[in-house]
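The values are calculated or read from the model by the stated rules, or taken from the named source; none is laboratory data. Only a predicted model underlies this, so the values are computations on that prediction, with no experimental measurement involved. Counting neighbours? That spans all protein chains shown, and the Cβs are built from the backbone with ideal geometry, glycine included. SASA here: full protein model, heavy atoms, side chains in, ligands and nucleic acids out. Shrake-Rupley method; radii C 1.70, N 1.55, O 1.52, S 1.80 Å.
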Amino acid sequence: MSAHINSLEIIDRLKKAYGFKTDKQLAKHLEIPTNTLSNWKIRNTVNWYQIQTKCPEISWDYLRKGTGSTFINNKVDFNNIRDKETEDSLPFSREEKRQFLRILMSKELQQENGEKINKVSILYVDDEVNNLISFKASFRTKYRIYTALNAEEALSALEDYDIPIIITDHRMPGMTGIELLERVSVIRPDIIRILITGYSDMVGVKDAINVGKIFYYIDKPWNEQEIDEVVTLAYTAYVERKKREELEKINEKIEWMLRQKLLS
């Protein structure tokens, strides 16, 4: 922790911002024991992860320096802070900085998830036109539906559109549904893959699950409620996967910055 931090000032600013008169009130807001707050004072340290989680609306400049507006409507610009100040002047350690960035990224992805959840893009593949029409009619108000009559059309659609979920029938002429999903797992491994199949195809489905090629299988005939439930699970898994990928990129960038600082 940087020597520039003054935990008493940080605690006093938090109390003033929320109008709290006692440490007990602030501790309750932060959802920590009152003696933890006392330890912060004794050790001249604070838990920035806890503060950012419970007090995200507090202005960075106000909390750090006691200047400027108390509350903000936007997020902290860490890139701007890093450009203007040295690491030693920051009131948190390297690990705490990583935690802070994880929080911000998580919030951004959650917001993105909330904005898009009602229009998740789905590619539905079936060699029977009536099934395509039925599926699109059932879900077009909830999701952005793309359809394909065969594997070739499906692969072409995946090249043209950003689609997080593919649902395909298994028994199709030419390339089967399992073969299509195996192909998709190679060219677009990020896509969540779902198979619709009949009872007679269960041996092949189990094989596909065992090698990790599909996320879920749905028995024929499908029903709207089950599709909704599976799509919710699939999109949640998709968002979580993307979140982990973004966090890995952030950590790689931080590690690179730290190495450059050590070498300088």
Once the Cβ-Cβ distance between residue 31 and residue 71 is put in as r, and R0 is 22 Å, what FRET efficiency do you end up with, to the nearest 0.05? 0.65
Could you order 60, 48 by accessible surface area, starting with the largest, using a probe radius of 1.4 Å? 60, 48
Under 5 Å from the placed amide H of residue 217, counting only residues 5+ away or on other chains, we find 195
Order 139, 20, most accessible first, counting only protein heavy atoms with a 1.4 angstrom probe. 20, 139
What would the Debye formula give as log10 I(q)/I(0) at q = 0.20 Å⁻¹ for the alpha-carbon point model of the stretch 18-63, no solvent? -0.68
How large is the accessible surface of residue 31 in square angstrom, using a 1.4 angstrom probe and rounding to the nearest 10? 130 Å²
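Count the net charge of all other residues whose Cβ sits under 14 Å from the Cβ of residue 135, scoring Lys and Arg as +1 and Asp and Glu as -1.
Details: positive: 136, 140, 142, 144, 220; negative: 126, 127, 128, 169, 224, 226, 228.
Taking every other residue near residue 135 into account, the sum is -2.
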Estimated distance in nm for a label pair at residue 16 and residue 229, the labels positioned 7 Å out from Cα along Cα-to-Cβ: 5.4 nm
Efficiency of FRET between residue 141 and residue 9 - r from beta-carbon atoms, R0 41 angstrom, step 0.05: 0.15
Once label points are set 7 Å from the Cα along Cα→Cβ at both residue 152 and residue 55, what is their separation, rounded to one decimal in nm? 6.4 nm
Expected vector for the stretch 51-65, Karplus 3J(HN,Hα) from phi with 6.51, -1.76, 1.60 and θ = phi - 60°, integer Hz, x for Gly and Pro, equals 5, 5, 5, 9, 10, x, 8, 6, 5, 5, 5, 5, 5, 7, 10
Describe numerically, in nm with one decimal, the distance between label points set 7 Å from Cα along Cα→Cβ at residue 160 and at residue 42. 6.8 nm
Please give the contour-minus-distance gain from residue 130 to residue 246: 0.36 nm per residue of separation, less the Cα-Cα distance, rounded to one decimal in nm. 37.8 nm
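In the structure shown, do any of 142/243; 41/249; 28/249 have a Cα-Cα gap over 32 Å, and if so which? Each step should come with its number before you reach the end.
Details: 142/243 24 Å; 41/249 35 Å; 28/249 35 Å.
Too far apart for the 32 Å limit: 41/249; 28/249.
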